[in-house]
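Comments concern the structure below.
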Amino acid sequence: MAFDSWADFLAMGKHGIYVWSSYGLTFVVIAALLWQARQQRRQFLQDYQQQMKREAQSINSEQNQEK
């Protein structure tokens, strides 16, 4: 489908509001999912690092008690 001008392209034959709002909503949802995934990854890495520190401290304290 060819359009005569940018205004016609944006109007999409009087369906522009539905087309562009769908694109906008899709973009917002994908951006939110990416943000959430990044936050969950960051939280997981922090929790994992804390767990590794606790385990290392536990091993060190057990080794010190054996001596």
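Before moving on, here are some points about what is shown:
- In a residue-by-residue description of segment 33-50, the property of being within 30 Å of residue 6 (Cα to Cα) and either surrounded by 10 or more Cβ atoms within 10 Å (Cβ to Cβ) or in contact (Cβ under 8 Å) with a residue 60 or more places away in the chain (or both) applies to no position.
- Test: residue in segment 52-65 that is free of Cβ contacts under 8 Å to residues at least 60 places away in the same chain, surrounded by fewer than 10 Cβ atoms within 10 Å (Cβ to Cβ) and not in a helix (DSSP H, G or I): no
- Options 27, 44, 3; residue that is modelled with pLDDT under 95 and either more than 25 Å from the chain's Cα centre (by Cα) or hydrophobic (A, V, I, L, M, F, W, C) (or both): 3
The values are calculated or read from the model by the stated rules, or taken from the named source; none is laboratory data. Source: prediction; values computed, not measured. Here Cβ is always computed from backbone atoms with ideal geometry, including for glycine, and neighbour counts include all displayed protein chains.
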